[in-house]
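What follows is a single structure, written as structure tokens, with notes after it.
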Amino acid sequence: RGGCRLRLEPRPEGQRAEHALNGECFAKLKEGYKGAARELNARLFLLLQRYATLFGPRSSEGRGWQLATPPGAMAQLGADFGVGFECFASPMNRRHARFCSAFADTDAPFGSSGNFFSVARSGGLRGVRSAEQSAG
């Protein structure tokens, strides 16, 4: 319920041309979308095409590529330490509105701050400390 299907027409020969989103994921992506409303479907297709290309077209493929903090642990980090930013997420699996992800070009319209390593080098992550900094 409430999901969507996106199709590329005309369908390119031998390439994936359709993506489906469940209602929960579609709502999360729409909530985080910061672009022009008329571009939403095209941006969604590009986002889903990028991740399907990297991780595989079926939901069970590529699961080991993104190691996510379990929801309960992320909630506890927020409650105990005020964590409200994710350094490694995607627009589909993020838990917070503020996050970094692998692909700035397709993910930024859905709220990504960009690639973690680029953002960290530019000084855009204040308050994030490495284990070495914390120990010293």
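The values are calculated or read from the model by the stated rules, or taken from the named source; none is laboratory data. All values derive from a computational prediction rather than experimental measurement. Glycine gets a Cβ as well: all are built from the backbone with ideal geometry, and neighbour counts include every protein chain shown. Please note that ligands, DNA and RNA were not included when accessible areas were found on the heavy atoms of the full protein model with its side chains. Shrake-Rupley method; radii C 1.70, N 1.55, O 1.52, S 1.80 Å.
In whole Hz and in residue order, list the ³J(HN,Hα) couplings for the stretch 3-20 that follow from phi through the Karplus curve 6.51 cos²θ - 1.76 cosθ + 1.60, θ = phi - 60°; x for Gly and Pro.
After applying 6.51 cos²θ - 1.76 cosθ + 1.60, I find x, 8, 10, 10, 10, 9, 10, x, 6, x, 4, x, 10, 5, 9, 9, 9, 10 Hz.
Gain in length, residue 52 to residue 30, computed as 0.36 nm per residue apart minus the alpha-carbon separation, to one decimal in nm? Walk me through the numbers before you get to the answer.
Numbers: separation 22, 0.36 × 22 = 7.92 nm, distance 1.90 nm.
Here the segment from residue 52 to residue 30 would lengthen by 6.0 nm.
Using the per-residue mean of other Cβ atoms lying within 10 Å as a proxy for protection, in what order, highest first, do the peptides 86-96, 7-17, 111-121 fall? Please list the in-between numbers first.
Details: 86-96: 19.2, 7-17: 10.0, 111-121: 16.8.
Highest-to-lowest ranking by the protection proxy: 86-96, 111-121, 7-17.
Once the Cβ-Cβ distance between residue 38 and residue 98 is put in as r, and R0 is 25 Å, what FRET efficiency do you end up with, to the nearest 0.05? Walk me through the numbers on the way to the answer.
On the way: r = 26 Å, r/R0 = 1.04.
With R0 = 25 Å, the Cβ-Cβ based efficiency is 0.45.
Would you please give the residues with an amide H less than 5 Å from that of residue 113, counting only those at least 5 places away or on a separate chain, with H modeled from the backbone geometry?
99, 100, 101
Whenever you get a sec, compute what percent of the accessible area on the stretch 6-55 sits on carbon and sulfur atoms (1.4 Å probe).
Values: 1650 of 3310 Å².
Carbon and sulfur: 50 percent of the exposed surface of the stretch 6-55.
Given a Förster distance of 41 angstrom, what is the FRET efficiency for residue 85 paired with residue 9, based on the Cβ-Cβ distance and rounded to 0.05? Please report the intermediate quantities before stating the final value.
Details: r = 38 Å, r/R0 = 0.93.
Once the sixth-power term is evaluated, E becomes 0.60.
For residue 95, which sequence-distant residues (separation of 5 or more, or a different chain) have an amide H within less than 5 Å of its own amide H, given hydrogens modelled in the peptide plane?
Sorted by chain and number, the residues that satisfy this come to none at all.
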